[in-house]
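Here is the structure we will look at.
The values are calculated or read from the model by the stated rules, or taken from the named source; none is laboratory data. Everything quoted here is computed from the prediction, not taken from an experiment. Cβ atoms come from the backbone with ideal geometry, glycine included; neighbour counts cover every protein chain shown.
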């Protein structure tokens, strides 16, 4: 029998190495932008203009029109070979928008307005609170549901806690990657990012429950076996099902990422990264963590660390 659980320290190390760059990126993003992720106007106040010009325009030249009118925090991104400009700036009044439109036409000629969105302070704060609340409620609901569903298993709370820890792992991986892309490619978190994040949470927990359910079935059948062996057997029995389910979804996402529209790529890439993380964490984090907790390895490690500190302090 392949001993997957026996290599759990390597799995935890890999997770740590994947999460750390994202944490660094979120820290730098907080220093630079004030938030761990670059936020779109779905979560902040501001206006977004998407304009298609007849000729190619330089983002710096378009931004200069806004800077001349005191809008120094304006950002401009180009698309479609430089003919489309995506402009993000502070909240514009009707008079400001009319004046800027006239100035842009004078500088670059006629253009087509593809999109114009504005979000005020009250709406931005409400969306932010709702996003945080949705994530917290999802975590509490998952913990409660798993603890109830596994209530006949000894220490059922641990199963729920391990599933939530794996969920937090996936959130950190997804948000860390998004933060890195925000610094490198200007990605901004919007309502679609929140949708992707909650979808990742659902997939991750579903996969974890599949393995935990097989452990619950095998515990009474194999009472004489060590818990670690039961878990390893259960993991091997469900591995093909977990991988088949997740890989099918990933193949679809890869196809959309390669051949879908440009407006969907950021959402699909976030969802794909989260699903890869969810598949990994369900198999190589949640289940080994349950073994570490059940066998008391975590407690022994903590006691060793604090015991050494106590000896050093006494010396």
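Descriptive notes on the structure:
- Residues that are crowded, with 16+ Cβ neighbours inside 10 Å and either part of a helix (DSSP H, G or I) or in contact (Cβ under 8 Å) with a residue 40 or more places away in the chain (or both), drawn from region 34-45: 36, 37, 38, 39, 40, 41, 42, 43, 44
- Options 212, 150, 193, 227: the member that is in the same structural domain as residue 16 (by TED's automatic domain parsing), within 30 Å of residue 29 (Cα to Cα) and touching a residue at least 40 places away in the same chain (Cβ under 8 Å): 193
- Yes/no for residue 99 being more than 24 Å from residue 38 (Cβ to Cβ) and assigned by TED's automatic domain parsing to the domain that holds residue 175: no
- Being assigned to a strand (DSSP E or B), touching a strand residue (DSSP E or B) at 6+ places or on another chain (Cβ under 8 Å) and outside the structural domain of residue 188 (by TED's automatic domain parsing) is a condition met by at least one residue of region 66-76.
- For region 46-62, the condition holds for at least one residue, the condition being that it is touching a strand residue (DSSP E or B) at 6+ places or on another chain (Cβ under 6 Å), in a helix (DSSP H, G or I) and surrounded by 19 or more Cβ atoms within 10 Å (Cβ to Cβ).
- Scanning region 251-267 for residues that are surrounded by 15 or more Cβ atoms within 10 Å (Cβ to Cβ) and farther than 20 Å from residue 39 by Cβ yields a total of 3.
- Scoring residue 233 on the criteria (1) more than 28 Å from the chain's Cα centre (by Cα); (2) over 16 Å from residue 163 (Cα atoms); (3) at pLDDT below 85 leaves a single failure, condition (3).
- Condition check for residue 262: more than 19 Å from the chain's Cα centre (by Cα), modelled with pLDDT under 90 and not assigned by TED's automatic domain parsing to the domain that holds residue 186: no
- Unmet requirement for residue 26, which otherwise passes all of (1) outside any loop (DSSP other than H, G, I, E, B); (2) under 19 Å from residue 99 (Cβ atoms); (3) in contact with a helix residue (DSSP H, G or I) (Cβ under 6 Å, 6 or more places away or on another chain): (2)
- Residue count for region 75-95 satisfying the condition of being out of contact with any helix residue (DSSP H, G or I) (no Cβ under 6 Å at 6 or more places or on another chain) and more than 22 Å from residue 43 (Cα to Cα): 7.
- Residue 10 satisfies every condition listed in (1) surrounded by fewer than 16 Cβ atoms within 10 Å (Cβ to Cβ); (2) in contact with a helix residue (DSSP H, G or I) (Cβ under 7 Å, 6 or more places away or on another chain); (3) part of a helix (DSSP H, G or I) except (2).
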